[in-house]
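Quick notes on the structure that follows.
What follows is calculated from the coordinates using simple rules that are stated; it is not laboratory data. Everything numeric here is computed off the predicted structure, so don't read it as measured data. Neighbour counts run over all protein chains shown; Cβ positions are idealised from the backbone, glycine included.
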Amino acid sequence: MSLIDGMDRVLAEDVVATVDGPAFDNSAMDGYAVRTAEAVAGRTLPVSGDIPAGPGLPAPLAPGTTMRIMTGAPLPQGADAVVPVEATDGGVERVTFAESAVAGAHVRRRGEDVRVGDVVVAAGVLLGSWQLSAAASVGAVEIAVRRKPRIAVLATGDELVPPGTVPGPGQIIDSNSTLLAALVKGAGGVPVVLPRAGDTPEAVIAALDGVDADLIVTAGGASVGAYDPVKAALADRGVSFRAVAMQPGKPQGIGTVQGIPIACLPGNPVSVAVTFSVVVGAMVRTMLGAPEPLMPAAPAAVGWASPHGRASVRSRRVRSERCAEARHVRGLALPPGGVARQGTSPSGGACRG
Ligand SMILES: Nc1nc2c(c(=O)[nH]1)N[C@H]1C(S)=C(S)[C@@H](COP(=O)(O)OP(=O)(O)OC[C@H]3O[C@@H](n4cnc5c(N)ncnc54)[C@H](O)[C@@H]3O)O[C@H]1N2
Ligand code: MOO
């Protein structure tokens, strides 16, 4: 595909330089091309010509002369340094140097950045504007990217009504379908939003029947309640349900269904966001063959309390049932040592996002 279409995709094949970078010796400054020994502070030299940036090669630099040269213009044969115009009187026919030239100064040498054959962007790299422009600079036009994994998302619960519906008594608007679809997109996958399933194991099994996806993610019905249909439907069909030592995100299931990997997340929207970011996001990145984590990490400045035996993953103290509070969330704080033994995580955890 074209370079621009590669934005936010994962590169599938190395981009190899087909030209040297820089392609020729050139000036890094507007100034004068000189032989270092001749351009001494206080000395005046005749200016034998101008070299603008543009096609073609300049004439060689005649001994005992200098040439005006512009940024990016090819260095004339014989010159070995550039004196910036600010270090001269700026003369057009004759120029007097206020400072002596330094050998090699303000010259970009051919191939000093990359050489033909160098790998400039490696397979597996997430492509952003910098990587794409680097690929363009060494001659790439078309690039190969990894296929986006198709990820089916399923929200469960009899209480759910679709966005746009005024909820009746006991009903809530399904925000997890939107949340999961957006999380999948953000992780580099293609979301396949399945119709919501009701609170029976049969409904869950019917919803997953014949699904065509690389990964399935469910939300809700994963805990120990009497009506937890995902667990009831899948626990003896290849999915292992465990209490994971994190908060939020305790009840989770992992396994395969119909030969497709599946992650069953708890239903609380904040739990969905946290467990996806910590667990499923890494699965999607692995499917894409992308070594880089989904969210960049930075050290945390302060510590925070974790309950005994669980790692408290913080998302700005948003309470699990308060969906609307999540509008403030931009990242996560992960405790450094993982599971808390003493009840308090030391400072120095990682903030992600
Ligand atoms: N006796 C115990 N009860 C609970 C435990 C426990 O260990 N013992 N764990 C608690 C924890 S922690 C969590 S998390 C929840 C998870 O329960 P489920 O995975 O079964 O989730 P649900 O009950 O289906 O839903 C929880 C909550 O989230 C709301 N929800 C669900 N789906 C959506 C949606 N699509 N959009 C918006 N909101 C949704 C749902 O209405 C519930 O309020 O279990 C605890 N209980
Ligand atoms: O672990 Mo639950 O996921 O606290 O909210």
Query raised in the report: By how many degrees, between 0 and 90 and to the nearest 10, does the Cα long axis of helix 176-187 differ from the longest principal axis of the chain?
Result: 30 degrees
Query raised in the report: Using 7 Å Cα-to-Cβ label points, what is the Glu13/Thr36 separation (nm, one decimal)?
Result: 4.3 nm
Query - In sequence order, calculated HN-Hα J values of the range 134-148 (Karplus, 6.51, -1.76, 1.60; Hz; x Gly/Pro) - result: 4, 5, 4, 5, 10, x, 6, 10, 10, 10, 9, 10, 6, 5, 6
Report task. Go through 41-54, 265-278 and give me the packing order, highest mean Cβ count within 10 Å leading. Result -> 265-278, 41-54
Requested in this report: Tell me the label-point distance for the pair Met70, Arg110, using the 7 Å Cα-to-Cβ offset, in nm and rounded to one decimal.
Outcome: 2.2 nm
Query - For peptides 146-157, 194-205, sequence by mean Cβ density within 10 Å, most packed first - result: 146-157, 194-205
Query raised in the report: Residues with beta-carbon under 13 Å from that of Ala155, excluding Ala155: net charge, scoring Lys, Arg +1 and Asp, Glu -1?
Result: -3
**Report entry** the range 155-237 - Debye-derived log10 I(q)/I(0), Cα point model, q = 0.26, 0.27 Å⁻¹
**Finding:** -1.33, -1.36
Report task. Once you have all Cα-Cα distances for the chain, histogram them in 10 Å bins from zero and send the whole-percent values. Result -> 5, 19, 19, 16, 12, 10, 10, 7, 3, 0
Requested in this report: With a ≥ b ≥ c taken as the square roots of the eigenvalues of the C-alpha gyration tensor of the range 222-298, please select rounded if a/c is under 1.5 and otherwise prolate if a/b is larger than b/c or oblate if it is not?
Outcome: oblate
Report summary line: Cα-Cα pairs in the range 26-108 separated by more than 14 Å, as a whole percent of all pairs, come to 51 percent
Query raised in the report: Once phi is turned into ³J(HN,Hα) by the Karplus curve 6.51 cos²θ - 1.76 cosθ + 1.60 with θ = phi - 60°, what whole-Hz value does each residue of the range 97-114 show in order, with x for glycine and proline?
Result: 8, 8, 10, 6, 5, 10, 3, x, 5, 6, 10, 9, 7, 3, x, 6, 8, 9
Report task. Return a whole-number percent for the relative contact order of the chain, with Cα pairs under 8 Å and 6 or more residues apart as the contact set. Result -> 15 percent
Requested in this report: List the lysines whose Cα lies under 27 Å from the Cα of Lys148, skipping any in the same chain that are fewer than 8 positions away.
Outcome: Lys185
Query raised in the report: Between Ala226 and Ala28, how many nm apart are label points set 7 Å from Cα along the C-beta direction?
Result: 7.6 nm
